[in-house]
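K.L.:
Supplied in structure tokens, the structure appears directly below.
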Amino acid sequence: MNEDWKKDPRIQSMNPEKIEFLSKLTAEIQNTPQNQLLGKFLSLSMEASQRGISFSNQETELMTGILMNYMNPADKGRINLMRTLSQKLASRRS
């Protein structure tokens, strides 16, 4: 996936550290086999937490929508899988 999503005006007000983290996340997802995505996602979530990075639901939805516009079908499938896993994890915490 290219980096054009970073130029989207809707993210200009987002914290640069969050944008940097999202860049890392997208690169990691692209290079992770599908059967290892859950582990990678958990690892990156822990890293974000340790760095004090958290995303509001609005930020998450915005970034997902923006990133999906720049992805090929295989990457979109991976993101949809990650969203599903994230929702399942969140429902377990409730």
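K.L.:
What single numbered condition from (1) hydroxyl-bearing (S, T, Y); (2) loosely packed, with under 12 Cβ neighbours inside 10 Å; (3) more than 16 Å from A90 (Cβ to Cβ) fails to hold for T32?
P.N.:
That leaves (2) as the condition not met.
K.L.:
Right, something else. Considering only the range 73-94, I want to know if a residue exists there that is in a loop (DSSP other than H, G, I, E, B), open to solvent by 40 Å² or more (accessible area, probe 1.4 Å) and either in contact with a Phe, Trp or Tyr (Cβ under 9 Å, 6 or more places away or on another chain) or under 20 Å from D4 (Cβ atoms) (or both).
P.N.:
Looking for residues that are in a loop (DSSP other than H, G, I, E, B), open to solvent by 40 Å² or more (accessible area, probe 1.4 Å) and either in contact with a Phe, Trp or Tyr (Cβ under 9 Å, 6 or more places away or on another chain) or under 20 Å from D4 (Cβ atoms) (or both), one finds none in the range 73-94, hence no.
K.L.:
Still on this structure, I have one more. Between residues in the range 44-72 that are touching a residue at least 40 places away in the same chain (Cβ under 8 Å) and residues that are open to solvent by 80 Å² or more (accessible area, probe 1.4 Å), which pairs lie under 8 Å by C-beta distance while being six or more apart or on different chains?
P.N.:
As it stands, the answer is L62/R10; I66/R10, since those pairs meet every condition given.
K.L.:
Of all residues in the range 3-23 being in contact with a helix residue (DSSP H, G or I) (Cβ under 8 Å, 6 or more places away or on another chain) and open to solvent by 70 Å² or more (accessible area, probe 1.4 Å), which is farthest from M63 (Cα to Cα)?
P.N.:
E3
K.L.:
Restricting to the range 35-54, count the residues that are open to solvent by 60 Å² or more (accessible area, probe 1.4 Å) and of a type in the set (A, V, I, L, M, F, W, C).
P.N.:
Counting residues in the range 35-54 that are open to solvent by 60 Å² or more (accessible area, probe 1.4 Å) and of a type in the set (A, V, I, L, M, F, W, C) gives 3.
K.L.:
Kindly check whether there is at least one residue in the range 21-33 that is among the small types (G, A, S) and over 16 Å from I66 (Cα atoms).
P.N.:
No, every residue in the range 21-33 fails to be among the small types (G, A, S) and over 16 Å from I66 (Cα atoms).
K.L.:
Filter the range 63-72 down to the residues that are assigned to a helix (DSSP H, G or I) and open to solvent by 50 Å² or more (accessible area, probe 1.4 Å) and list them by number.
P.N.:
Result: N69, single match.
The values are calculated or read from the model by the stated rules, or taken from the named source; none is laboratory data. Being a predicted model, the structure only gives us computed values, none of them experimental. Every residue, glycine among them, receives a Cβ derived from its backbone with ideal geometry; neighbour counts consider all protein chains shown. Protein only, heavy atoms only, side chains kept; ligands, DNA and RNA dropped before computing areas. Shrake-Rupley method; radii C 1.70, N 1.55, O 1.52, S 1.80 Å.
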